[in-house]
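Nothing in this text is a laboratory measurement; each read-out follows from the coordinates by a stated rule. All figures in this text were calculated on a predicted structure; none of them were measured in a lab. Reconstructed Cβ throughout: ideal geometry from the backbone, glycine too, with neighbour counts over all protein chains shown.
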Amino acid sequence: MQIATTLSNDLLIIHVQEPRIDAACAIDFKEAMRAAITPQGQRIVLDLAQVNFIDSSGLGAVVSVRKMLWPDRVLELACLTAPVEKVFHLTRMNSIFPIHATLPEIRQQAV
Amino acid sequence: MASTHLVIAATAPAVRAALRQLFDPPAQVDLPDTLRDSAQIVLAEALNNIVEHSYAQSAGEIAVSLTPGHAGLVCHIWDTGRPMPLGVLPNGENPMSCAPVDLPEGGFGWFLIRTLAQDLHYQRRNGSNHLSFCIPAETKLA
């Protein structure tokens, strides 16, 4: 499971660099997320721009990451492709995640 | 129109490889975007259910036949794993409506299949499961 992260003082963006989150990689996805999540209190945004397919196992893995952070932080999602948006919409999971059309801006930090 | 047939191993990576071959460009089965997305979702759930429950992670094969037509994509799936419990297909209620407090991490598979597929039929015969359905060309979205 390839992921990359962008970190600032108040924001952690996790970019999923895989075309699929499915039954074949749901466990790897959870492990990669667990390793990427910072102990500090940043907002956490999952960038799904490169993901063009998610199945129910992948959806369950995203829900489990939300539970991992709850109640201190809320997992936010960004840049859903049409097939991924469809699965969130059909299952009504879109009602429990803040979903952004674009990535939030990283504020420049004073050195 | 021409049918597409394939036989795959009953493993999650084999299911992924089959879906990529069928639906990722250059797609083996050429469908409009909406129909392709629905077909991929339903097939992923149906095939992964067979891997996880029918064969219960033991070795086996799954045969798939897909036929595009005016009404939509007609799909047939065969496996020789265990029969469906009680010989019938699961109801497929949305787990979100059953357990809104403790968010569900599973149970969405049959809900998605029943939402997107029509004419679902299941038959157990001579030690083999046969599931068939049609993904309609015009999908009604909830």
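The table for this structure:
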{"read-out": "Helix-only CD estimate at 222 nm, as mean residue ellipticity for chain A, using -39500 (n - 2.57) per DSSP H run (n ≥ 4)", "value": "-9500 deg cm²/dmol"}
{"read-out": "For residue A:53, distant residues with modelled amide H under 5 Å away", "value": "A:21"}
{"read-out": "Of B:6, B:107, B:22, farthest towards positive along the dipole that unit charges on Lys, Arg, Asp, Glu beta carbons give chain B", "value": "B:6"}
{"read-out": "Chain B: calculated mean residue ellipticity at 222 nm from DSSP helix runs of at least 4, using -39500 (n - 2.57)", "value": "-8500 deg cm²/dmol"}
{"read-out": "The protein assembly as shown: C-alpha gyration tensor shape, a/c 1.5 cut-off, then a/b vs b/c", "value": "prolate"}
{"read-out": "Cleavage-rule hits, GluC sites (Glu not before Pro), region B:18-85, DSSP coil, Cβ neighbours within 10 Å at most 14", "value": "none"}
{"read-out": "FRET efficiency estimate (nearest 0.05) - Cβ-Cβ, residue B:120 to residue B:30, R0 25 angstrom", "value": "0.55"}
{"read-out": "Share, in percent, of DSSP beta bridges within the protein assembly as shown that are antiparallel, nearest 5", "value": "70 percent"}
